[in-house]
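Undergrad: A single structure is presented below for examination.
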Amino acid sequence: FALIIRGQLFVSDAKAKYLQKLDTPSNERVSEVLWGKDNKTIYFTRTNRGWTDLYSISGDNSSKERLIYRTESNIKNLTKSNKGDKIAFIEGNHNVMLYNMESDSAERIAEAEFWSFQGYDISFSPEDDYIAFDAMNHFEPDIYIYSVKEKKLRNLTHSASVDENAVFSPDGKYLYFL
């Protein structure tokens, strides 16, 4: 598995008998990590002169890290799709992005309000047809649904109360949230 210790990226076996540090700059900080669909590539965010960007590296350390997506803000909440071929994430205070591992491209799928000091949840439907996330609306979080096929965004709750932590049911028929 991949893990972060004091801002540095490591890989290990399940029993932690093997631990290897991967080559990332020691003066920067790794903050989130995911394995790619091929189970060989690791995707992670790390600081780059203050901002967090998206990178990849080979899990066996056979290649150097590669910049995937650079921004003049921060990237957070990396969430891998159920099929493992896409990563959704929040860029800065206003964008939900979708990175496609196969085409090596990222696109903005939604514009919403995200407060930098707060965490937000992103959830893929079982077949990856929809992406649910919470974002701020009139000082309270609402649940938004993005249709990947139709490329349309909808505010599902649009209420003056706290709606967050959306998760699809295993069959994809229901969406549960707090």
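The values are calculated or read from the model by the stated rules, or taken from the named source; none is laboratory data. The shown structure was predicted, so the numbers you read here are calculated from the model rather than taken from an experiment. Here the Cβ positions follow ideal geometry from the backbone for every residue, glycine too, while neighbour counts run over all protein chains shown. SASA here: full protein model, heavy atoms, side chains in, ligands and nucleic acids out. Shrake-Rupley method; radii C 1.70, N 1.55, O 1.52, S 1.80 Å.
Undergrad: Against the condition in contact with an Asp or Glu (Cβ under 6 Å, 6 or more places away or on another chain), in contact (Cβ under 8 Å) with a residue 12 or more places away in the chain and within 21 Å of Y120 (Cα to Cα), how does S31 come out, does it pass?
TA: Working: in contact with an Asp or Glu (Cβ under 6 Å, 6 or more places away or on another chain): no; in contact (Cβ under 8 Å) with a residue 12 or more places away in the chain: yes; within 21 Å of Y120 (Cα to Cα): yes.
Criteria not met by S31.
Undergrad: Here is a follow-up. Filtering the stretch 1-16 down to residues that are in contact with an Asp or Glu (Cβ under 9 Å, 6 or more places away or on another chain) and aliphatic (A, V, I, L, M), which residue is surrounded by the fewest Cβ atoms within 10 Å (Cβ to Cβ)? Explain how you work it out, then say what you get.
TA: Initially, the stretch 1-16 is screened for residues in contact with an Asp or Glu (Cβ under 9 Å, 6 or more places away or on another chain), giving 1, 4, 7, 9, 11.
Add one more test, that the residue is aliphatic (A, V, I, L, M), and what stays is 4, 9, 11.
Numbers: I4: 17, L9: 24, V11: 20.
Among those residues, the one meeting the criterion is I4.
Undergrad: Next question. Looking at (1) within 17 Å of H158 (Cα to Cα); (2) open to solvent by 30 Å² or more (accessible area, probe 1.4 Å), can you tell me which one A112 breaks?
TA: With respect to (1) within 17 Å of H158 (Cα to Cα); (2) open to solvent by 30 Å² or more (accessible area, probe 1.4 Å), A112 is out only on (2).
Undergrad: Can you confirm whether the stretch 120-135 contains a residue that is modelled with pLDDT under 90 and either loosely packed, with under 15 Cβ neighbours inside 10 Å or farther than 17 Å from E91 by Cα (or both)?
TA: No, every residue in the stretch 120-135 fails to be modelled with pLDDT under 90 and either loosely packed, with under 15 Cβ neighbours inside 10 Å or farther than 17 Å from E91 by Cα (or both).
Undergrad: It is to be established whether one or more residues within the stretch 144-160 are surrounded by 11 or more Cβ atoms within 10 Å (Cβ to Cβ) and acidic (D, E).
TA: No: zero hits.
Undergrad: I need every pair where a residue in the stretch 89-108 that is more than 10 Å from Y69 (Cβ to Cβ) has its Cβ under 7 Å from the Cβ of a residue that is open to solvent by 50 Å² or more (accessible area, probe 1.4 Å) and in a strand (DSSP E or B), sequence separation at least 6 or different chains.
TA: N93/E113; H94/E111; H94/E113; N95/R108; N95/E111; L98/E107
Undergrad: If you scan the stretch 57-76, which residues turn out to be closer than 16 Å to I4 by Cα and assigned to a strand (DSSP E or B)? Explain how you work it out, then say what you get.
TA: The first filter runs over the stretch 57-76 and keeps only residues closer than 16 Å to I4 by Cα, leaving 57-61, 65, 76.
I57, S58, K76, listed by residue number.
Undergrad: Here's a follow-up. So in the stretch 50-64, with the set limited to residues that are among the charged types (D, E, K, R) and surrounded by fewer than 19 Cβ atoms within 10 Å (Cβ to Cβ), which one is farthest from D104 (Cα to Cα)?
TA: D60
Undergrad: Give T79, T47, T24 a once-over and let me know the one that is surrounded by 15 or more Cβ atoms within 10 Å (Cβ to Cβ), in a loop (DSSP other than H, G, I, E, B), at pLDDT 90 or above and among the hydroxyl-bearing types (S, T, Y).
TA: T24
Undergrad: How about the stretch 83-94: which of its residues are open to solvent by 30 Å² or more (accessible area, probe 1.4 Å) and more than 12 Å from the chain's Cα centre (by Cα)? Outline the logic, then answer.
TA: So the first thing to find is which residues in the stretch 83-94 are open to solvent by 30 Å² or more (accessible area, probe 1.4 Å), and the list is 83, 86, 93-94.
Within the stretch 83-94, K83, N93, H94 meet the criteria.
Undergrad: Looking at (1) assigned to a strand (DSSP E or B); (2) under 19 Å from S147 (Cβ atoms); (3) within 13 Å of the chain's Cα centre (by Cα), which is the only condition L54 fails?
TA: It is condition (2) that L54 fails.
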